[in-house]
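Report on the structure given below.
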């Protein structure tokens, strides 16, 4: 007896072909997304600069030998003194640092600063032991200009993480996961005066200070340590 060959309706064949094409399209799309994500992450990482990449060749010291780098940690030497400055000047950037204070420590993160005129020629985010200062001089303050919105510094001997973002006139500081500064430097329109009417030390209105300068750390009589100092140009 004649047995007919198995028969598959044409509609089923067409449906299977469409499904196969759809699956191929989905996989191609997923591959493209993964590839773009990888490229984007690579580009982002390539823009990041490790300022403590194994040596201090990217820095200048006000006093030779005053700072040293040991196992990725920047600290003061046995003969400390003064500032340490980035050789490169930066304008718009995001800077991440870890820092640790000793007892009764007073230090600072300087930015957009002229190393020859650190007191008047740039900006400083205060770094200090918790509880030794108040007002516009506590840790996280834009020094002498604005108190932080929260006091989030950790006790001496513990590592803190600070993120400083500068973009045009906008300055933002995140300390240990909390935003403590989010300001527009153009609001400082008058020399020696803050927007709230209080006095400051600056002979020049902060809005008129240069928007490009060096990054620096300060030794002010007590040991201080920094690590994971990484900058991304914006």
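Just so it is clear, none of the values below were taken in a lab; they were calculated from the coordinates. Keep in mind that this is a model prediction, so the values were computed, not measured. Virtual Cβ from ideal backbone geometry, glycine too; neighbours counted across all protein chains shown.
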Taking 8 Å as the Cα distance limit and 6 or more residues as the minimum spacing, I'd like the relative contact order of segment 51-233 as a percentage.
31
Note on segment 126-173: alpha-carbon gyration tensor, axes a ≥ b ≥ c; rule is a/c under 1.5 for rounded, else prolate if a/b larger than b/c, else oblate; result oblate
For residue 133 paired with residue 102, estimate the spin-label separation in nm (one decimal), with each label point 7 Å from Cα along the Cα-to-Cβ line.
1.8
Segment residue 53-residue 88, extension gain: residue separation times 0.36 nm, minus the distance between their alpha carbons:
11.1 nm
Assuming a ≥ b ≥ c are the square roots of the Cα gyration tensor eigenvalues, decide whether segment 51-233 counts as rounded (a/c under 1.5), prolate (otherwise, with a/b larger than b/c) or oblate.
prolate
Based on the alpha-carbon gyration tensor of segment 96-195 and its eigenvalue square roots a ≥ b ≥ c, which shape applies: rounded if a/c is under 1.5, prolate if not and a/b is larger than b/c, or oblate?
prolate
If the chain between residue 77 and residue 211 were fully extended at 0.36 nm per residue, the gain over the current Cα-Cα distance would be 45.1 nm
In whole angstrom, note down how far apart the Cα centers of segment 192-234 and segment 49-116 are.
13
